[in-house]
Amino acid sequence: MCPTCLSSAKLIEPPFCRQCASPFTGEVTGDTFVCGYCQNLRFYFSRTVCACRAEGVPRDCILRFKYNREMYFGTHLVNWLLNASQRWIDWNEIDAIVPVPLHPRKQRQREFNQAEYLADGLSRALEVPTLKRNARRVKDTSTQTRLDAEARARNMHDAFAVRDASAFKGKRLVVLDDVFTTGATLNSCAKVLGAAGAREVIALAVARGV
């Protein structure tokens, strides 16, 4: 992409909600702002980092990368992830990156897991290992696109499982996906990582649906 298109991406800047990374237009005090939507919800990740808003160029890049296999957009997605995560995550404290797994049927259909691709790119840049295929999706969920927040949470209930809990025990992990909308997918995945003994789970995504 040309510099003009890249510069049109709306990056997530402070203040934003610690739990869901939703940007806030007013003034807030402190570094632990939590929006009204998140205050009464239970999250299994400690906080969320998103690079940009899921609109315009970033949204188009994600859709074309994910569904059309236009893989050249992957470099831009990884760069957005890298820039945001280096600002808001201390990678010296992170033991591994865990990409959100796809169900085997969906992965066969799509021919790749976009979260794994992004995790591998981030891993190479940061020299932080990825833990792939130990977390698995055991529920072939329907698409989340047209569901509201409550329906998304029901859809993702018990969607993931862990093969070997010892791989996650005592570790600080970053669980990664392409888009954070309500957080249902990342939260469901973080839940099983926590149950496996992870010390902390941070959610990371390229784009925040707003």
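Just so you know, all these numbers are worked out from the coordinates, no wet-lab data involved. Treat the numbers as computed from the prediction; the structure is a model and nothing was measured. Counting neighbours? That spans all protein chains shown, and the Cβs are built from the backbone with ideal geometry, glycine included.
If I ask for residues that are in a helix (DSSP H, G or I), within 12 Å of D178 (Cβ to Cβ) and either touching a Cys at 6+ places or on another chain (Cβ under 9 Å) or of a type outside the set (V, I, T) (or both), which ones from the range 77-106 would you list? Outline the logic, then answer.
First, pick out the residues of the range 77-106 that are in a helix (DSSP H, G or I): 77-88, 91-93, 104-106.
In the following step, the residues that additionally are within 12 Å of D178 (Cβ to Cβ) were identified as 77-78, 80-81.
Residues satisfying the conditions are L77, W80, L81.
Is it the case, given these coordinates, that E150 is in contact (Cβ under 8 Å) with a residue 40 or more places away in the chain, exposed (fewer than 12 other Cβ atoms within 10 Å of the Cβ) and acidic (D, E)? Give the steps one after another, and end with the answer.
Details: in contact (Cβ under 8 Å) with a residue 40 or more places away in the chain: no; exposed (fewer than 12 other Cβ atoms within 10 Å of the Cβ): yes; acidic (D, E): yes.
For E150, the condition - in contact (Cβ under 8 Å) with a residue 40 or more places away in the chain, exposed (fewer than 12 other Cβ atoms within 10 Å of the Cβ) and acidic (D, E) - is not met.
Is it the case that some residue within the range 164-173 is among the charged types (D, E, K, R), surrounded by 15 or more Cβ atoms within 10 Å (Cβ to Cβ) and within 23 Å of V57 (Cβ to Cβ)?
To start, the set of residues in the range 164-173 that are among the charged types (D, E, K, R) comprises 164, 169, 171-172.
Checking the rest, the ones that are also surrounded by 15 or more Cβ atoms within 10 Å (Cβ to Cβ) come to 171-172.
Remaining after also requiring within 23 Å of V57 (Cβ to Cβ): none.
No, there is no match, as no residue in the range 164-173 is among the charged types (D, E, K, R), surrounded by 15 or more Cβ atoms within 10 Å (Cβ to Cβ) and within 23 Å of V57 (Cβ to Cβ).
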Subject >> Answer residue from the range 42-97, given it is closer than 18 Å to T4 by Cβ and of a type in the set (V, I, T) and is surrounded by the fewest Cβ atoms within 10 Å (Cβ to Cβ) among those >> reply: T75
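Confirm whether F33 is buried (at least 18 other Cβ atoms within 10 Å of the Cβ), more than 23 Å from A119 (Cα to Cα) and either within 14 Å of the chain's Cα centre (by Cα) or not hydroxyl-bearing (S, T, Y) (or both). Spell out the reasoning first.
Details: buried (at least 18 other Cβ atoms within 10 Å of the Cβ): no; more than 23 Å from A119 (Cα to Cα): yes; either within 14 Å of the chain's Cα centre (by Cα) or not hydroxyl-bearing (S, T, Y) (or both): yes.
Taking the combined requirement at face value, the residue does not satisfy it.
Within the range 178-210, work out how many residues are in a strand (DSSP E or B), under 16 Å from W88 (Cβ atoms) and under 10 Å from the mean Cα position of the chain (by Cα). So that I can check it myself, show each step before the final result.
Here is the first cut: in the range 178-210, the residues in a strand (DSSP E or B) are 178-180, 200-208.
Now drop any that are not under 16 Å from W88 (Cβ atoms), which leaves 180, 200-208.
If we keep only those that are under 10 Å from the mean Cα position of the chain (by Cα) as well, we get 180, 202-208.
The number of residues fulfilling the criteria is 8.
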Original post:
What do you reckon, is K66 in contact (Cβ under 8 Å) with a residue 24 or more places away in the chain, farther than 23 Å from E13 by Cα and assigned to a helix (DSSP H, G or I)?
Top reply: yes
